[in-house]
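Student: Quick one: the structure is below, questions incoming.
The values are calculated or read from the model by the stated rules, or taken from the named source; none is laboratory data. Everything numeric in this text was worked out from a predicted model, so none of it was measured. Cβ atoms come from the backbone with ideal geometry, glycine included; neighbour counts cover every protein chain shown. Ligands, DNA and RNA are excluded from the accessible area calculation, which covers all protein heavy atoms including side chains. Shrake-Rupley method; radii C 1.70, N 1.55, O 1.52, S 1.80 Å.
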Amino acid sequence: MRSFIKTALATAAVLAATTTLSHATDVEVLHWWTSGGEAAALNVLKDDLKAKGIGWVDMPVAGGGGEAAMTALRARVTAGNPPTAVQMLGFDILDWAQQGALGNLDPVATKEGWDKVIPAALQKFSKYDGHWIAAPVNVHSTNWIWISKAALDKTGLKAPENWDQLIAVLDKMKADGITPLAHGGQPWQEATIFDGVVLSEGTDFYKKAFIDLDPATLGGDKMADAFTRLMKLRTYVDDNFSGRDWNLASAMVINGKAGMQIMGDWAKGEFLKAGQKPGKDFVCIRFPGTQGSVTFNSDQFAMFNVKGDDKIKAQTEMASSIESPKFQSAFNVVKGSVPARTDVPDTAFDDCGKKGIKDLAEASAKGTLFGSMAHGHAAPASVKSAVYDVVTKAFNGGFKTGAEAAKALAAAVAAAK
C-alpha cells in the first residue's frame, strides 16, 4: 500500500516545519484565490475554522488557473518544506498522490458519508486507489458567458442561443462602440473559450476530442471549424488583452467597457462583489449551443502528509468544515460556483446559481457532464499543455487556417501522450 495511506489523516493545511509565526492548530494553505470575489469566498472558510479554534496561515499565489501556485508548490516540496493543504485541480491531485505525498482522509469521509453525496465525476479526482485524498470545495462549470444587460439591451437583440446569434450580438456591440468581448491573453483563458467552442460542436465531439483524445477527431474537419470560430472571436477582443488577468476582463463588463466575457462561473463572484445582480445588471447564459451540457472543474484541497496529532486533528476539522452542507452553501453562494454535494438546497442561491445547480444535475443525469480540458479535468497536464500551446497560437494568429491548427493539435496531443 502506498505511503500516503500509511500517513495520517489529512484534510487541510499543514504548518511547514520551519514556520514560527503559527501555533500547533494552524493550517497552512497554498491557494490562488486572490481576486476580490475569491478572497471574499475564502473568508467563509477562514471564519468557519476560526470558530473551531483553528488558525490560518495564508499562502496566496496570484495567477488564475493555478499555474503559478503549482510552480510555488514544486519549489516548496523540492526544498523539503511542503504546505499542508493545497488548492488543486483535477489531474494535478492524482499526480501528487502517485508520488505518495498525500494523506488518507478515509476516516472523516466514511464517518460523514461523502461517497453518497459527492458526484462520481468529482470522486475521480478526490480518490486514489480507492482512498480519499482530497476534499472538494465546489463544482465550477466553465461553459458560461457573462453579458452586460445594458450592452445587450442596447443591441436590441436577445441573449444568443446559437453561433449565428452570438456573432450578431458581438457585431452590434462593436457597432455600438464598446469592446464586444472582454478577454485576458493568457493560455488558460484562451483554452476556456475554446472549451466552449468545441462543446458547441456537439457532446460526442467534445468527448472524442478532449477525453478520448481520438487523433482523427482532433485533426478533422469539425475541429478545423472550431478553430475557425476561435479565430473569429479574436476579432472582437481589444488590442490590449495580452497578459490581462481574468478578473480585470470581468471588470470591463462590469464597468460597461465591454459587452461580454466567456469565462467560468467564478466570474460571477466579481459581479456580485461589485454589487451587481443577475437579470438586472448582467445576464448569465451557457455558451450558445451547449445548453444541456456542462464542462466542469472542481477546486479541491489536497492534503499533504503531516505528523503530529494536533496537526492531524486540524486537518480533519478543515475537511469536515469543507464538506458540511452549511459551508458548501455559504461558500458557493459567494464564490459563484455550486456545491460539491448533491444534497445542498438551492434556497440561498441567486438565479444564476439556481441555473448552475439545475444544469449540473441535468448534465450528470444525461451523461453530458465532462471534465474541462482547459482546467485540467479532461486529460493529464502534459496533454493540457500541448492543447494550450496550439490554442494560444491559433488565437494569436499563428495559423493561416483552422485546418492547419487542427492538424497541429492532433500532432501536439500525439507527442504529449
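Student: Out of the stretch 83-100, which residues are open to solvent by less than 40 Å² (accessible area, probe 1.4 Å) and not in a helix (DSSP H, G or I)?
Tutor: Result: Pro83, Thr84, Ala85, Val86, Gln87, Met88, Leu89, Gly90, Gly100.
Student: Moving to a separate point now. Determine, yes or no, whether Leu166 is open to solvent by less than 10 Å² (accessible area, probe 1.4 Å), in a helix (DSSP H, G or I), closer than 21 Å to Ala374 by Cβ and modelled with pLDDT under 95.
Tutor: no
Student: While we're looking at this one, here's another question. With the structure loaded, tell me whether Phe370 is among the hydrophobic types (A, V, I, L, M, F, W, C), surrounded by fewer than 21 Cβ atoms within 10 Å (Cβ to Cβ) and touching a residue at least 12 places away in the same chain (Cβ under 8 Å) or whether it fails that test.
Tutor: Judged against the criteria, Phe370 is not a match.
Student: Within the set of pairs 6+ apart or on separate chains, which have a first residue in the stretch 393-407 that is open to solvent by less than 80 Å² (accessible area, probe 1.4 Å), a second that is assigned to a loop (DSSP other than H, G, I, E, B) and not aromatic (Phe, Trp, Tyr), and C-beta atoms under 7 Å apart?
Tutor: Qualifying pairs under 7 Å: Ala406/Gly219; Ala406/Gly220.
Student: Let me ask you something else. Would you check if Ser364 is open to solvent by 30 Å² or more (accessible area, probe 1.4 Å), under 19 Å from the mean Cα position of the chain (by Cα) and at pLDDT 95 or above?
Tutor: The answer is no for Ser364.
Student: Is it true that some residue in the stretch 388-405 is outside any loop (DSSP other than H, G, I, E, B), basic (Lys, Arg) and within 30 Å of Gln123 (Cβ to Cβ)?
Tutor: Looking for residues that are outside any loop (DSSP other than H, G, I, E, B), basic (Lys, Arg) and within 30 Å of Gln123 (Cβ to Cβ), one finds none in the stretch 388-405, hence no.
Student: Tally the residues that are aliphatic (A, V, I, L, M), more than 24 Å from Gly100 (Cβ to Cβ), part of a helix (DSSP H, G or I) and open to solvent by 20 Å² or more (accessible area, probe 1.4 Å), restricting the search to the stretch 31-82.
Tutor: The qualifying residues number 5.
Student: Now a separate question. From the set of residues in the stretch 238-258 that are of a type outside the set (A, V, I, L, M, F, W, C), in contact (Cβ under 8 Å) with a residue 40 or more places away in the chain and out of contact with any Gly (no Cβ under 8 Å at 6 or more places or on another chain), which is surrounded by the most Cβ atoms within 10 Å (Cβ to Cβ)?
Tutor: Ser250
Student: Next up: Step by step: first the residues of the stretch 316-349, then only those that are touching a residue at least 24 places away in the same chain (Cβ under 8 Å) and open to solvent by 40 Å² or more (accessible area, probe 1.4 Å), then the one that is farthest from the chain's Cα centre (by Cα). Which residue is that?
Tutor: Looking at residues that are touching a residue at least 24 places away in the same chain (Cβ under 8 Å) and open to solvent by 40 Å² or more (accessible area, probe 1.4 Å), I get Glu317.
Student: Sort out which residues of the stretch 169-228 are part of a loop (DSSP other than H, G, I, E, B) and crowded, with 24+ Cβ neighbours inside 10 Å, and write them in order of number.
Tutor: Residue satisfying the conditions is His183 alone.
Student: Just to be sure I understand, how many residues within the stretch 306-352 are in a helix (DSSP H, G or I) and not small (Gly, Ala, Ser)?
Tutor: Selection size over the stretch 306-352: 22.
Student: Follow-up. Six or more apart or on different chains, Cβ atoms under 7 Å: show the pairs whose first residue is in the stretch 374-391 and among the charged types (D, E, K, R) and whose second is assigned to a loop (DSSP other than H, G, I, E, B).
Tutor: Lys384/Met373; Lys384/Gly376
Student: Considering only the stretch 263-285, state which residues are assigned to a strand (DSSP E or B) and open to solvent by 10 Å² or more (accessible area, probe 1.4 Å).
Tutor: Within the stretch 263-285, Pro278, Val283, Cys284, Ile285 qualify.
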